[in-house]
Amino acid sequence: MSEIEVREFQPDDIETFHALHDAVFPPVPFEQMRRWMARDDVTAGVAVQDGRIVGEIPLHVREFVIRPGLTARLAFEHSVCVQEEMRGQGIGSAIQDEIKRFMQGRADVLSVYRGGERTAAYNHYDRNGLKDLCYVRSWTLARPAAVAAGGPEPQPADAILAREAEIIELFESAYAHAGGYQRRAPGFYETAMTQLEAVELGTEYRVLFAGEGGRPEGHCIIGLQEGGAAVTVMELATRDRDPAVALRLLRGVCGAAVLEGMGVTVELHDGGVYRPVFEALGFAPQPRGNMIMATPLDWGRVARATWLPQPGLADARVEVWTPREEFVAHEPNHGPSRTITLEMKHEQAARWLLSRLDLGAALEREMVTCRGARPGDREALARAIPWTPWEVQGIDHI
């Protein structure tokens, strides 16, 4: 057999690309796969042998909210597969390395939704430099009949598209304080409901609105999967994060679950704004299961994009050292008069650049060390890239 070529996906690869996908994951109709891979925001890294795809890592590039007012282009890996008899030969890692090369300038960060911290798949991403940014856990309600009540009735998926502008307005009202989700813009929901994972799982989407008399005060998007045991809350948003409206919507979801003969499930951050509402209804938390993992593709560029100017650091060059990376996080416009060096682990650097590390606390506890700082510099460094709460949404998952 010939050597394996590792490169970016090309349109002529589609037949064997599709065949490998369907050998590993729930099948996707060929034309849907072809249309998905033809999108401008979609590509893949592939391993090719004798003209046939033997490994593939599809990518979907998304405008992702890091913190309020700041977005970055995150390339999310998904539906990763290697031909069964060729696993364990480093093909996946070779594709990862090639992705990090050809995605330079086209995405800021390489990312993946992952679970199973003790699994070989999780360790594969960890070895390739993708580090945990946040954690979510499943919350389940096995007997929704106990809290179901009359209220909003589920509407079909068409209502999501017809009322997209209202849904986006509600979402922005609910989550303007946070990051951790794909930016909501016209066309987002159509893409979310037709992306590959939704097709693989056969997800049927519905939506509930609160406040039908005038403008809606909240919405909840739910998903039902073929053969599933639970209705999944995919997105919940209320104007100004009103918990009473959220409670009314969730009681309606519970009513829908009773009619389907199902339970209800949702994935939440421990600090999520609607967690108290789910707790009040009796949802039970499970051990943490999923996370977003990521690594910057150009560390210095991401640092400069996320840096908030600090007058006290205007004359300082800020360098970052990790066991695996060295980069400049801040360079004064007119040349530095002094240098500050932050020393941290690789995973800490990834989290910090994406506003997921409280640098001030890490410095205080000596988890991150610093050379060359003057009084007040540490506080300014913590403000320059501030920690931000994230609110990951189930409908974003791929």
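The values are calculated or read from the model by the stated rules, or taken from the named source; none is laboratory data. Please read all numbers here as calculations on a predicted model, not as lab measurements. When we count neighbours, we look across all protein chains shown, and the Cβ atoms used for this are built from the backbone with ideal geometry, even at glycine.
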Could you please let me know if Gly272 is buried (at least 20 other Cβ atoms within 10 Å of the Cβ), touching a residue at least 40 places away in the same chain (Cβ under 8 Å) and not hydrophobic (A, V, I, L, M, F, W, C)? yes
Just to verify a result, which residue in region 193-251, among those that are acidic (Asp, Glu) and assigned to a helix (DSSP H, G or I), is farthest from His78 (Cα to Cα)? Asp240
Selection count, region 210-237, where residues are in contact with a Leu (Cβ under 9 Å, 6 or more places away or on another chain) and within 16 Å of Ile395 (Cβ to Cβ): 14
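Residue-by-condition table, conditions (1) polar (S, T, N, Q); (2) outside any loop (DSSP other than H, G, I, E, B); (3) out of contact with any strand residue (DSSP E or B) (no Cβ under 9 Å at 6 or more places or on another chain); (4) surrounded by 18 or more Cβ atoms within 10 Å (Cβ to Cβ):
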{"site": "Thr295", "(1), (2), (3), (4)": "yes, yes, no, yes"}
{"site": "Ala303", "(1), (2), (3), (4)": "no, yes, no, yes"}
{"site": "Gly312", "(1), (2), (3), (4)": "no, yes, yes, no"}
{"site": "Ala329", "(1), (2), (3), (4)": "no, yes, no, yes"}
{"site": "Gly335", "(1), (2), (3), (4)": "no, no, no, no"}
{"site": "Thr341", "(1), (2), (3), (4)": "yes, yes, no, no"}
{"site": "Gln348", "(1), (2), (3), (4)": "yes, yes, no, yes"}
Which condition from (1) over 30 Å from Ser355 (Cβ atoms); (2) assigned to a loop (DSSP other than H, G, I, E, B); (3) not aliphatic (A, V, I, L, M) is the one that Asp40 breaks? (1)
Across region 106-138, what is the number of residues that are basic (Lys, Arg) and assigned to a loop (DSSP other than H, G, I, E, B)? 2
Note on region 100-151: residues polar (S, T, N, Q) and surrounded by 13 or more Cβ atoms within 10 Å (Cβ to Cβ) are Ser111, Asn128, Ser138, Thr140
Which one of Gly261, Gly255, Gly312 is more than 27 Å from the chain's Cα centre (by Cα) and without any contact (Cβ under 8 Å) to a residue 24 or more places away in the chain? Gly261
So in region 205-222, with the set limited to residues that are modelled with pLDDT of 95 or more and of a type in the set (D, E, K, R), which one is farthest from Ser173 (Cα to Cα)? Arg206
